[in-house]
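Notes for the one structure printed next.
The values are calculated or read from the model by the stated rules, or taken from the named source; none is laboratory data. What you see is a predicted model; the values in this text were computed from it and never measured. Heads up, the Cβs are rebuilt from the backbone with ideal geometry, glycines too, and the neighbour counts pull from every protein chain shown. For accessibility, only protein heavy atoms count, side chains too; no ligands or nucleic acids. Shrake-Rupley method; radii C 1.70, N 1.55, O 1.52, S 1.80 Å.
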Amino acid sequence: ALHSLRELHGKHNTVYLLGSIHVLRPRDYPLAPALLEAYGNAKSVLMEVNLEEMGVAEVQTEMLSSAMLSEGKTLAGILGAERYARADALAREVGVELSLFDQFAPWFVAEAISQQQLTQLGFQPESGVEMYFMARARTDGKSMAGLETVHDQISVFENMSMDTQADYLLSSLEQAHGLASEVDSVVNAWQRGDTQWFVNELQSEF
């Protein structure tokens, strides 16, 4: 079957488990008929994170607070001269001026630059799988919930030491050149349900 959907049958109900891609391109639609059929049969939608939280003022305030460095700290200071020079050169290669992010935590800079690249490649958060089904569920009156909160996900980054965040930023920038071909491969593997491709990718990364 050309999709990444699995069915789990219990005594009283069926759970549909769908591997997700957070950003997609409009041209990646329509989704496979099996996915739409599963959604139609579902009474509720459970996502990794309930994206409806993103519109809550307190959540937005927490995200901004986590993204910003505390007073007196700078990205250049956290990375140190050698790492910053390397990061700056890598960022310039993908058309990003790193100095614009000097007041932001390294984890946020990594995410922001990746998102900027994906946008340039035509990927849109509003076209992602979660946003698509969230909009459908809202219209259809289906209940929605998240396995984690936005706070949980922010905490993962917040709990990383600044040194680890700096290495994460460098690693992200070093992979930036291959992003265009990589995301194409990811989407293609996801669309055809090629779990072995993902296994191979994860093993090679480790």
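Here are some notes:
- Positions within the stretch 131-172 being within 25 Å of S66 (Cα to Cα) and surrounded by 17 or more Cβ atoms within 10 Å (Cβ to Cβ), in sequence order: M131, G146, V150, I154, F157, Q165, A166, Y168, L169, L170, S172
- Check on G128, surrounded by fewer than 14 Cβ atoms within 10 Å (Cβ to Cβ) and either free of Cβ contacts under 8 Å to residues at least 60 places away in the same chain or closer than 20 Å to G19 by Cβ (or both): no
- Evaluating T74 against the criteria (1) within 22 Å of the chain's Cα centre (by Cα); (2) open to solvent by less than 50 Å² (accessible area, probe 1.4 Å) leaves one unmet condition, (1).
- Cross-chain or 6+ apart pairs with Cβ under 7 Å, the stretch 174-189 first and closer than 28 Å to D88 by Cβ and at pLDDT 90 or above, then hydroxyl-bearing (S, T, Y) and open to solvent by less than 70 Å² (accessible area, probe 1.4 Å): none
- Close pairs (6 angstrom Cβ cut-off, 6 or more residues apart or separate chains): closer than 14 Å to Y168 by Cβ and modelled with pLDDT of 95 or more in the stretch 74-87, part of a helix (DSSP H, G or I) and aromatic (F, W, Y) anywhere: L75/F101
- Flag if E111 is open to solvent by 60 Å² or more (accessible area, probe 1.4 Å) and under 20 Å from F157 (Cα atoms): yes
- Filtered by the rule that a residue be over 18 Å from M160 (Cα atoms), open to solvent by 30 Å² or more (accessible area, probe 1.4 Å), among the aliphatic types (A, V, I, L, M) and part of a helix (DSSP H, G or I), the stretch 56-71 gives a lone residue, A57.
- Residue among L90, L100 that alone is aliphatic (A, V, I, L, M), part of a helix (DSSP H, G or I) and open to solvent by 30 Å² or more (accessible area, probe 1.4 Å): L100
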